[in-house]
Amino acid sequence: MAKILWRRLAATAAVLCAALGGNAAHALDKVKFNLAWLPQGSTGGVLVAAAKGFYAEAGLEVQTQRGYGGQRTVNEIDQGLFEFGYGDPISVMLNRANGGKTVMVGAINTQWPGALCYVPGKLSKTPKLADIKGMSVGGGASSPLQNLVPAWLQANGLPATHLKLLRLDPAVINPSFLEGKVDLAECWEGANKPLLEALVRREGKQLAALRYRDFNLNIYGNGIVTSEQLVQSNPDLVKRFVTATYRGYDYMRKNPEEAVDLIAASNKLIAKPILLQQIKETLEIISDPGADNAKLGYIRADRMHGTIEFSKKAFNVTAAVRGGEVYTNRFIVD
């Protein structure tokens, strides 16, 4: 009887060991992703990848967290608070100019998504830059708009004072615009532009946008940012995250309506029509038709060089930051 009991105990122990060993072997690597703002279409590929289980299939457990702007997001990645985040090359350049070690590992906005939004009236639907002379524009106090717009105007042969730039709390930009206190509002495709359009429609009006990229601003927008330390210490994890993320964006590109349902299922306050428009705007600029590689996320050396050089002038950066330090295509799937 004792022998039988012993055999049963030994068998049970073996089963438990096997189970524990199996769980250990399949433990997921936990990483945190900073969305740079609230869940929205611009970061939809990340949210879809999580909802569809693409990260889990890659051995990752990804926690997404709201952020407070691109520059803060990049700095928080550099500080080790997040493994990855939605950041832009300007913020990466500024971070590195101040001794940081962040790097962009894939593009999501292959074109700059920013614009100046307005309600047609003072301006036509197809204005020239000369037409906005003396107008006021409201932008966040820490927004790149405060530095980019003067440099952008000068690149178009206009004085930096062509527009009146106002530094506003982000919470009052839309109300100030809707109340007519400012002529133009800072708006971003894939983000607040569809929301602003919906607010303007409630008043029986239409929103128009003067996009920077239509007037000599050929620079990259946001993408996936991580730390140089993580790239060096765990390149396999970085590649798995990048691959699964672009799998999410590709799925969103092929199934935009389903992507809306997937994202809204865990973000109950999201308005689906606005989210769908954000997704559509993001998908319009996720592929670079001039790239010499058709894969999502690929970054062109010439355009990134131009992005960094323009940004250094705009932000008066004298530190030696080169484009090759700001990004890498190492983790874009061949």
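Numbers below:
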{"quantity": "Degrees separating the helix 2-25 axis from the principal Cα axis of the chain, which is the longest one", "calculated": "20 degrees"}
{"quantity": "From the coordinates shown, Cα Rg over 2.2 N^0.38 Å corresponds to which of [x] 1.01; [y] 1.39; [z] 1.15", "calculated": "[z]"}
{"quantity": "In degrees, nearest ten, helix 301-314 long axis to first principal axis of the chain (Cα)", "calculated": "60 degrees"}
{"quantity": "Neighbour-count ranking [beta-carbon atoms within 10 angstrom, fewest first] of His162, His305", "calculated": "His305, His162"}
{"quantity": "Neighbour-count ranking [beta-carbon atoms within 10 angstrom, fewest first] of Cys187, Cys117", "calculated": "Cys117, Cys187"}
{"quantity": "Length-normalised contact order for the chain - Cα pairs under 8 Å, 6+ apart - percent", "calculated": "28 percent"}
{"quantity": "Beta bridge orientation in segment 114-214: antiparallel %, DSSP, nearest 5", "calculated": "55 percent"}
{"quantity": "Mean Cα-pair separation over length for segment 114-214, i.e. relative contact order, pairs under 8 Å, 6 or more apart, %", "calculated": "45 percent"}
{"quantity": "Net dipole in debye of segment 114-214 [+1 Lys, Arg Cβ; -1 Asp, Glu Cβ; about Cα centre; nearest 20]", "calculated": "200 debye"}
{"quantity": "Neighbour-count ranking [beta-carbon atoms within 10 angstrom, fewest first] of Ile108, Ile132", "calculated": "Ile132, Ile108"}
{"quantity": "Highest to lowest packing among 324-330, 221-227, 266-272, 69-75, scored as the average C-beta count within 10 Å", "calculated": "221-227, 69-75, 324-330, 266-272"}
{"quantity": "Tilt relative to the chain, helix 256-265 - C-alpha long axis, 0 to 90 degrees, to 10", "calculated": "70 degrees"}
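Taken together, the values in this text are just the output of simple stated rules run on the coordinates, not laboratory data. If you're wondering where the values come from, they're calculated on a predicted model, not measured in any experiment. We place every Cβ from the backbone using ideal geometry, glycine too, and count neighbours over all the protein chains shown.
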